[in-house]
Amino acid sequence: MAIFGRNKRGEYEDDAYEFEKDLTPDAPVSEITGKRTVEQYLHHLLTMTQSLRPFGVGLLDVTDLTLCESLNSDLDLPLYTAALCDGWAVRASNLVGASQNHPIALPVVDVAVAGRIPDPLSSGTTVKVFYGGPVPEGADAVVPATDVTQIAGSEKLPEGIRFTAEAAFNQFLYPRGNRIAENQPLLPEGTVLNPRMVAMLAEVGHDKVLARPRPRVVVATIGSGLVEPGMPLTQLNQLYDSTTALIAACARNDLAQVFPIGILRDDVAILKSVLAEQLIRADLLLVVAAANENLISALSQLGSIDLANIAMWPNGPRLFATIGSGQTPVLVLPEGAIQSYISYQVFARPLLRQLAGVDPMPPKLMVDAICRRTFGSDQENTQFVLALYADGQVEALDLPPDAGGLELAKANAMVVVEPGQQIEAGSQLACWLLDG
């Protein structure tokens, strides 16, 4: 199914990045619509979210970012033609016909030293070279020192070398640009950079590249009776907030820069103030909350909202907004660790990837498995069922009414069940491995 040629430093301006769109901030508030399919809703979210503007990023910070230009080499490697043995640099044409019976003598005009390219080699002369050292321009072969005889110089004749064999073109030479030549393509636009590519770019002289930054994600939870982990529970109706840590961990795992702000009071004025303050550092806000009147009112005062029912479990009204002058997207995830986690995987993760400029819907790690017991059969909704996969078998988890992080930690797979579909025990199905 559908679910399933830059130069040097200073060329780029390190402008603050923003969304490449101009949505109307005063768009009317949407009324709740009829049910949308999962695919329809995800498509809508992606059309409302654009990739971040690229800018020049230093090599130390580009790993896992998306390249927004095609890059070529700035130089030749190696920088010079090198000798592959100690010997004598010559023009092969000068030794045509050389043999034991007809040796050819060439005068020595220079000795190559490390760090300096010798003067160009004149026809009919030779230069002493060393393994790994530079070879003069004009030389197209090196004759090993063991294959020649050195002739002492005199007042009339300079020091020379007697060659008793012909030389093959390019013998014992490691040509300039043999590894890569100047202007040769390195990486195409759209490449997701890894540390090995960073080493390559540094080796050919690039100090920064045009790339999309890591999305900055603000994570918050709204709810009464929630307590920050580490603080004492003082009332029987209190619970520790697991969703802020959960969604922040998910976003970090997807390479976002994450700013968790914890638990917010369910108050219109407070919500409006806190969310507006976060816009200075947010490319996306993920809020775990019920889509209630207070949150709807706060978001509608900051921008435009979309409220919809989705034909899926977890069900309930889904709230999305674009707020502030930059039309920053706000995705509201349903309350509860399991519900928010599933909604993150189905909706928030594609949004994050779109912001980063990579494929929002990459192939999932799917495996075929045998179902251990019957489950499914919701006539109206697509179900995302947490499951445990092991040894080619998969079993849907039994979830109590108050299921949360304890049950979520036991799952390592998810099964997508279409409306009206029932998965029979013993049947084969495809399951989505969550840690792939």
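The values are calculated or read from the model by the stated rules, or taken from the named source; none is laboratory data. Model, not experiment: these values are computed from the prediction. Every residue, glycine among them, receives a Cβ derived from its backbone with ideal geometry; neighbour counts consider all protein chains shown. Surface accessibility is based on the protein's heavy atoms, side chains included, excluding ligands, DNA and RNA. Shrake-Rupley method; radii C 1.70, N 1.55, O 1.52, S 1.80 Å.
Inspect all residues belonging to the range 337-359 and state whether any of them is open to solvent by 40 Å² or more (accessible area, probe 1.4 Å), among the hydrophobic types (A, V, I, L, M, F, W, C) and under 29 Å from the mean Cα position of the chain (by Cα). Before the answer, list the steps.
If we filter the range 337-359 for residues that are open to solvent by 40 Å² or more (accessible area, probe 1.4 Å), which is where we start, we get 339, 349, 353, 359.
From what is left, the residues that are among the hydrophobic types (A, V, I, L, M, F, W, C) are none.
Among the residues of the range 337-359, not one is open to solvent by 40 Å² or more (accessible area, probe 1.4 Å), among the hydrophobic types (A, V, I, L, M, F, W, C) and under 29 Å from the mean Cα position of the chain (by Cα), which makes the answer no.
So if I check each of 260, 195, which one is open to solvent by less than 70 Å² (accessible area, probe 1.4 Å) and modelled with pLDDT of 95 or more? Give the steps one after another, and end with the answer.
Values: 195 fails: open to solvent by less than 70 Å² (accessible area, probe 1.4 Å).
Checking each option against the conditions leaves just 260.
For residue 178, state whether it is at positive phi, touching an Asp or Glu at 6+ places or on another chain (Cβ under 9 Å) and open to solvent by 60 Å² or more (accessible area, probe 1.4 Å).
Working: at positive phi: no; touching an Asp or Glu at 6+ places or on another chain (Cβ under 9 Å): yes; open to solvent by 60 Å² or more (accessible area, probe 1.4 Å): yes.
No, not satisfied.
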#### Entry: Top-ranked residue in the range 397-421 [being within 17 Å of residue 373 (Cβ to Cβ) and touching a Ser or Thr at 6+ places or on another chain (Cβ under 9 Å); ranked as surrounded by the fewest Cβ atoms within 10 Å (Cβ to Cβ)]
421
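Only one of 279, 271, 239, 275 is in contact with a strand residue (DSSP E or B) (Cβ under 7 Å, 6 or more places away or on another chain), open to solvent by 50 Å² or more (accessible area, probe 1.4 Å) and not charged (D, E, K, R). Can you tell me which? First the steps, then the outcome.
Details: 279 fails: open to solvent by 50 Å² or more (accessible area, probe 1.4 Å); 271 fails: open to solvent by 50 Å² or more (accessible area, probe 1.4 Å); 275 fails: open to solvent by 50 Å² or more (accessible area, probe 1.4 Å).
Of the residues listed, the single one that is in contact with a strand residue (DSSP E or B) (Cβ under 7 Å, 6 or more places away or on another chain), open to solvent by 50 Å² or more (accessible area, probe 1.4 Å) and not charged (D, E, K, R) is 239.
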### Task
Can you work out which of the residues in the range 310-322 that are in contact with a Ser or Thr (Cβ under 8 Å, 6 or more places away or on another chain), open to solvent by less than 10 Å² (accessible area, probe 1.4 Å) and hydrophobic (A, V, I, L, M, F, W, C) is modelled with the highest pLDDT?
321
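Can you find a residue in the range 224-236 that is modelled with pLDDT of 95 or more and over 23 Å from the mean Cα position of the chain (by Cα)? First the steps, then the outcome.
Step one: filter the range 224-236 for residues modelled with pLDDT of 95 or more, giving none.
No - not one qualifying residue is present in the range 224-236.
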### Message
Can you tell me which of (1) open to solvent by less than 50 Å² (accessible area, probe 1.4 Å); (2) modelled with pLDDT of 95 or more is the one residue 212 doesn't meet?
### Response
(2)
### Message
Take the residues in the range 360-384 that are assigned to a loop (DSSP other than H, G, I, E, B) and polar (S, T, N, Q); name whichever of them is most open to solvent (accessible area, probe 1.4 Å).
### Response
379
### Message
If a residue must be open to solvent by less than 10 Å² (accessible area, probe 1.4 Å), over 14 Å from residue 168 (Cβ atoms) and either among the charged types (D, E, K, R) or part of a strand (DSSP E or B) (or both), how many such residues does the range 125-145 contain?
### Response
4
### Message
Can you pull out every residue in the range 215-231 that is open to solvent by 10 Å² or more (accessible area, probe 1.4 Å) and hydroxyl-bearing (Ser, Thr, Tyr)?
### Response
224
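Based on what the data block shows, is residue 165 open to solvent by 40 Å² or more (accessible area, probe 1.4 Å), part of a loop (DSSP other than H, G, I, E, B) and small (Gly, Ala, Ser)? Steps first, answer last, please.
Numbers: open to solvent by 40 Å² or more (accessible area, probe 1.4 Å): yes; part of a loop (DSSP other than H, G, I, E, B): yes; small (Gly, Ala, Ser): yes.
Considered against the rule, which asks whether it is open to solvent by 40 Å² or more (accessible area, probe 1.4 Å), part of a loop (DSSP other than H, G, I, E, B) and small (Gly, Ala, Ser), residue 165 comes out as yes.
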